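The values are calculated or read from the model by the stated rules, or taken from the named source; none is laboratory data. Note that the coordinates shown come from a computational prediction; the quantities given were computed from them, not determined experimentally. When we count neighbours, we look across all protein chains shown, and the Cβ atoms used for this are built from the backbone with ideal geometry, even at glycine. Ligands, DNA and RNA are excluded from the accessible area calculation, which covers all protein heavy atoms including side chains. Shrake-Rupley method; radii C 1.70, N 1.55, O 1.52, S 1.80 Å.
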Amino acid sequence: MSPATGLVGSPSEVKGYEAVVERAEKRELVATLNVQFKTTGSVVVAKYAGLTVANMTALRGKVRAAGGTVKVAKNRLAKLALVGTELEHMADLFKGPTVILSAKDPVAAPKVASEFAKANDKFVILGGGLGKQSLDAAGVKALADLPSLDELRAKLAGIINQPAQKLASVIAAPGGGLARVIKAHADKDQAA
């Protein structure tokens, strides 16, 4: 029995088993990333070398709160996961230690990445993708400056609701005016 794995067998058999498990985990990661790349609104790729565990935990929390995910994967596996997606053009961004931020809301991941980069000089945005559109670091920052989908929905609801409020006040105004005129006549008649 191998003390490291708890498996019965010779060291070479255990190594073979570990290699099979490792390959299966890599295939699963590539498949997961591929699905993520196909269903995401936007992706940001950044260098993270030099960030502390606390920094990475904070980044993950901020991205999760914005409805996104953070993945650290080997560049070779990330490039394999890009194959067959609209984001295949991003393969050149995966050089050195990189982190992948993604979210269904096209603005969420760039917004969190830009804010995090301002506070952490070791977090460097390399670029990203928005569907078939390739983004450089400036493009990611420009996308981050746009309002999120929720903000746009709120503005649109306000614009739609505003004419209804004006219409209600216009309709109510003549009735209120008429009531004031009748009250004034009634007060005048009582005084006389």
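Among the numbered criteria (1) within 18 Å of the chain's Cα centre (by Cα); (2) within 15 Å of Gly127 (Cα to Cα); (3) modelled with pLDDT under 90, which one does His89 miss?
Among (1) within 18 Å of the chain's Cα centre (by Cα); (2) within 15 Å of Gly127 (Cα to Cα); (3) modelled with pLDDT under 90, the lone unmet condition for His89 is (1).
Which of the residues that make up the range 37-75 are charged (D, E, K, R) and within 15 Å of the chain's Cα centre (by Cα)?
If the condition is that a residue be charged (D, E, K, R) and within 15 Å of the chain's Cα centre (by Cα), then Lys38, Arg60, Lys62, Arg64, Lys71 are the ones that fit.
Which count do you get for residues in the range 103-116 that are open to solvent by less than 30 Å² (accessible area, probe 1.4 Å) and closer than 22 Å to Ala91 by Cβ?
The total comes to 4.
Across the range 34-55, which residue is most open to solvent (accessible area, probe 1.4 Å) among those that are in contact (Cβ under 8 Å) with a residue 12 or more places away in the chain, in a helix (DSSP H, G or I) and closer than 20 Å to Val112 by Cα?
Looking at the filtered set, the residue picked out is Thr39.
In this structure, is Val21 open to solvent by 20 Å² or more (accessible area, probe 1.4 Å), at pLDDT below 85 and part of a helix (DSSP H, G or I)?
yes
Do you know which of the residues in the range 118-147 that are small (Gly, Ala, Ser) and buried (at least 17 other Cβ atoms within 10 Å of the Cβ) is nearest to the chain's Cα centre (by Cα)?
Of the residues in the range 118-147, the ones small (Gly, Ala, Ser) are 119, 127-129, 131, 134, 137-139, 142, 144.
Restricting the remaining residues to those that are buried (at least 17 other Cβ atoms within 10 Å of the Cβ) gives 127-129, 137, 139, 144.
Details: Gly127: 15, Gly128: 12, Gly129: 12, Ala137: 16, Gly139: 15, Ala144: 10 Å.
My answer is Ala144.
Would you check which residues across the range 115-127 are assigned to a helix (DSSP H, G or I) and among the small types (Gly, Ala, Ser) and list them?
Scanning the range 115-127 gives Ala117, Ala119.
Mind checking which residues of the range 88-106 are more than 18 Å from Thr69 (Cα to Cα) and in a loop (DSSP other than H, G, I, E, B)?
Passing the criteria: Lys95, Gly96.
With the structure loaded, tell me whether Ala78 is assigned to a helix (DSSP H, G or I), over 17 Å from the mean Cα position of the chain (by Cα) and under 12 Å from Ile100 (Cα atoms) or whether it fails that test.
yes
Name the residues in the range 56-90 that are exposed (fewer than 15 other Cβ atoms within 10 Å of the Cβ), among the small types (Gly, Ala, Ser) and touching a residue at least 12 places away in the same chain (Cβ under 8 Å), would you?
Answer for the range 56-90, where residues must be exposed (fewer than 15 other Cβ atoms within 10 Å of the Cβ), among the small types (Gly, Ala, Ser) and touching a residue at least 12 places away in the same chain (Cβ under 8 Å): just Gly84.
Do we find that Val112 is in contact with a strand residue (DSSP E or B) (Cβ under 6 Å, 6 or more places away or on another chain), modelled with pLDDT of 85 or more, among the aliphatic types (A, V, I, L, M) and assigned to a helix (DSSP H, G or I) in this structure?
no
Hey, can you tell me all the residues within the range 123-144 that are touching a helix residue (DSSP H, G or I) at 6+ places or on another chain (Cβ under 8 Å) and more than 22 Å from Lys38 (Cβ to Cβ)?
Of everything in the range 123-144, those that are touching a helix residue (DSSP H, G or I) at 6+ places or on another chain (Cβ under 8 Å) and more than 22 Å from Lys38 (Cβ to Cβ) turn out to be Phe123, Val124, Ile125, Lys141, Ala144.
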